[in-house]
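Before I ask anything, let me first share the structure, which is written out below as structure tokens.
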Amino acid sequence: MREVSISQLWGRAWDLFEVNWLLLVGLLVLCVIPNLIQINLILIQIIGNLIALILLWPAFVRAGYLVARQGQLSSGEAFGDISLLLKVFVYDLILRLIPGILIIVVGYTMAMGSAVAGLSEAYTEDGYGGMSGSMALSGTGGILLWVGSILLFLILNLFGWAGPYAILSGRAGIFSAIGQSFSLTWRNFSEVFVALLSVIGLLILGLLPLGLGLLMKVPILILGWVPLYGLWLLVVASMVSVFLPLLYFALMGEEGASHS
């Protein structure tokens with residue numbers, strides 16, 4: 001396989017973003033809106049968030065994939081295959097659920113252990129007084145549980161990032177995409193690691209003016225940069241939606257689209 005240049009991939013992602021920015025940013029805004037709107041009708045808000053998770057976010061991922069593959073697309077193409085969108089949603093849900101299940105199962109086990117210890121203390125020491133401290137999840141154990149879950153989430157995303165593109169390309173189903181993504185990342189770990197670090201670096205870069213304002217205690221820098229950082233996130237996230245499938249194509253030995 002030929003050498004992958006991360007900087008060249010970012011250059012191509014920017015060129016393709018310039019051509020398709022309205023569609024990509026528009027889809028991303030639609031994904032975010034349900035989380036920003038605060039209304040009293042909880043049922044409507046829940047439905048809006050479900051639509052964003054199940055349909056809009058996978059459509060945004062598919063739009064980035066199609067832009068990376070063919071260069072340009074219409075909004076209809078992003079929603080063109082509902083079955084594929086549902087598969088991408090389920091895949092993403094699995095990666096998100098595993099750390100959550102770990103927290104619930106391990107946390108429940110630790111809490112039950114604390115309860116048993118508390119009952120023992122209640123009989124052997126000062127009654128109910130000794131029970132209250134043991135019933136709660138211990139501070140150190142709770143911290144380790146959350147840290148472990150966050151690390152697991154990061155590892156799953158590091159090795160599972162390519163799954164949606166394996167699904168969208170027709171190479172894999174939901175579960176086989178997990179294995180293909182892990183295998184692809186393991187074989188090209190250094191390239192993937194550097195690529196994802198560059199994504200994180202771009203996201204952090206937009207925070208520097210805000211951090212400078214906080215450090216210098218300049219309100220105009222703090223307040224003025226907040227909406228600008230929101231725009232920065234929209235641009236970076238839209239570029240990332242094209243950059244990652246371009247990386248996938250490169251690692252698979254395919255060319256992908258180039259801006260002409």
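The values are calculated or read from the model by the stated rules, or taken from the named source; none is laboratory data. This structure is a prediction, so every number in the text was calculated from the model and none was measured. Ideal geometry is used to build each Cβ from the backbone, glycine not excepted, and the neighbour counts take in all protein chains shown.
Restricting to the stretch 182-193, name every residue that is in contact (Cβ under 8 Å) with a residue 12 or more places away in the chain, out of contact with any Phe, Trp or Tyr (no Cβ under 6 Å at 6 or more places or on another chain) and surrounded by 12 or more Cβ atoms within 10 Å (Cβ to Cβ).
Across the stretch 182-193, the qualifying residues are L184, N188, E191, V192, F193.
Conditions (1) in a helix (DSSP H, G or I); (2) among the hydrophobic types (A, V, I, L, M, F, W, C); (3) at pLDDT 75 or above; (4) in contact with a His (Cβ under 9 Å, 6 or more places away or on another chain), marked per residue:
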{"site": "T185", "(1), (2), (3), (4)": "yes, no, yes, no"}
{"site": "V192", "(1), (2), (3), (4)": "yes, yes, yes, no"}
{"site": "A195", "(1), (2), (3), (4)": "yes, yes, yes, no"}
{"site": "S198", "(1), (2), (3), (4)": "yes, no, yes, no"}
{"site": "L203", "(1), (2), (3), (4)": "yes, yes, yes, no"}
{"site": "G211", "(1), (2), (3), (4)": "yes, no, no, no"}
{"site": "L221", "(1), (2), (3), (4)": "yes, yes, no, no"}
{"site": "P227", "(1), (2), (3), (4)": "yes, no, no, no"}
{"site": "L233", "(1), (2), (3), (4)": "yes, yes, yes, no"}
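Taking helices (runs of 4 or more DSSP H) that do not extend beyond the stretch 30-133, which have at least 2 residues that are modelled with pLDDT under 60, surrounded by 14 or more Cβ atoms within 10 Å (Cβ to Cβ) and hydrophobic (A, V, I, L, M, F, W, C)?
The qualifying helices (runs of 4 or more DSSP H) are 82-124.
Name the pairs whose Cβ atoms lie under 8 Å apart, with the first residue in the stretch 152-176 and in contact (Cβ under 8 Å) with a residue 24 or more places away in the chain, the second in a loop (DSSP other than H, G, I, E, B) and surrounded by fewer than 19 Cβ atoms within 10 Å (Cβ to Cβ), and 6 or more positions between them or separate chains?
Partner pairs satisfying both residue conditions: I167/G173.
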